[in-house]
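First comes the structure, then the notes that go with it.
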Amino acid sequence: MEEKEISQAVIGRLPRYFRYLGELKDEGVERISSQDLSVLMKITASQIRQDFNNFGGFGQQGYGYNVEYLYDEIGRILGLNRQHSFIIVGAGNLGRALGNYMNFERRGFIFKGMFDKDPALFGEKVRGVEVMPMEKLDAFVRENSIDIAVLTLPKAGAEEAAKRLVQNGIKAIWNFAHVDLNVPEEIQVENVHLSDSLMKLSYNIDRYEHEQTAEV
């Protein structure tokens, strides 16, 4: 199939398709139509078909989609058919919570290391992974073929940590720090600004309340 540019909106929906299809597979559902999937996911059937057509379709007219096949194919598109090693930089509450999330391994993300600058945390373990000082970060990334770094640092330390990670061959950063990182374009960055999400919720609450008031 000829490579073509896939929009970020489509890519952003793929993990949600994967999650729903995984649940259907676990329930023993063998096939599903775009219409039935649209009801479950609250996305139009037309949108689902358009999204899947970016990758060749997967469906068969009059049959719908084979759930297990579609689940496996979307997993392959997302790169989940191979393992990714990751570390967490920042062993505070958020870093430890992420380290304790065991579902990462189910998706092929292997938790290899955790780093912090606070000596009081050195030697503590999160699911068997020991917190190490930042001085060991560079060599650890190089020697363990780490693909992804998770940043749960304050803003002040995140930019310096990102620079060091890039210099030592990291491929992607999952950034929870409240700062937009300045990294080379080949480094993949996914920003998770928690306060931004809360502000979006605030906006949607406010909009809904105004709509309800207008209807009275």
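The values are calculated or read from the model by the stated rules, or taken from the named source; none is laboratory data. Worth saying up front: this structure is predicted, and the values here are computed from it rather than measured. We place every Cβ from the backbone using ideal geometry, glycine too, and count neighbours over all the protein chains shown. These accessible areas exclude ligands, DNA and RNA; they are computed on the full protein's heavy atoms, side chains included. Shrake-Rupley method; radii C 1.70, N 1.55, O 1.52, S 1.80 Å.
Key figures
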quantity: Boolean, TYR65 is open to solvent by 10 Å² or more (accessible area, probe 1.4 Å), assigned to a helix (DSSP H, G or I), in contact with a Phe, Trp or Tyr (Cβ under 8 Å, 6 or more places away or on another chain) and farther than 30 Å from PHE115 by Cα; calculated: no
quantity: Selection from the stretch 185-216 of residues that are part of a loop (DSSP other than H, G, I, E, B), open to solvent by 50 Å² or more (accessible area, probe 1.4 Å) and either modelled with pLDDT of 90 or more or among the charged types (D, E, K, R) (or both); calculated: GLU185, GLU186
quantity: Where a residue in the stretch 22-36 is within 21 Å of ASN53 (Cα to Cα) and assigned to a loop (DSSP other than H, G, I, E, B) and its partner, wherever it lies, is open to solvent by less than 40 Å² (accessible area, probe 1.4 Å) and of a type in the set (A, V, I, L, M, F, W, C), with Cβ under 8 Å and at least six apart; calculated: GLU30/VAL67; SER33/ALA45
quantity: When residues of the stretch 111-160 are limited to those that are aromatic (Phe, Trp, Tyr) and in contact with a helix residue (DSSP H, G or I) (Cβ under 7 Å, 6 or more places away or on another chain), the one most open to solvent (accessible area, probe 1.4 Å); calculated: PHE111
quantity: Residue identified as in contact (Cβ under 8 Å) with a residue 60 or more places away in the chain and in contact with an Asp or Glu (Cβ under 8 Å, 6 or more places away or on another chain) among GLY64, GLY95, GLY90; calculated: GLY90
quantity: Looking only at the stretch 41-87, and only at residues there that are in contact with a strand residue (DSSP E or B) (Cβ under 8 Å, 6 or more places away or on another chain) and aliphatic (A, V, I, L, M), the one that is farthest from GLY169 (Cα to Cα); calculated: VAL67
quantity: Selected residue (criterion: farthest from GLU160 (Cα to Cα)) from residues of the stretch 68-106 that are in a helix (DSSP H, G or I) and open to solvent by less than 20 Å² (accessible area, probe 1.4 Å); calculated: LEU70
quantity: The lone exception for SER46 - which of (1) over 23 Å from the mean Cα position of the chain (by Cα); (2) open to solvent by 30 Å² or more (accessible area, probe 1.4 Å); (3) over 30 Å from SER34 (Cα atoms); (4) of a type outside the set (Val, Ile, Thr) it fails; calculated: (3)
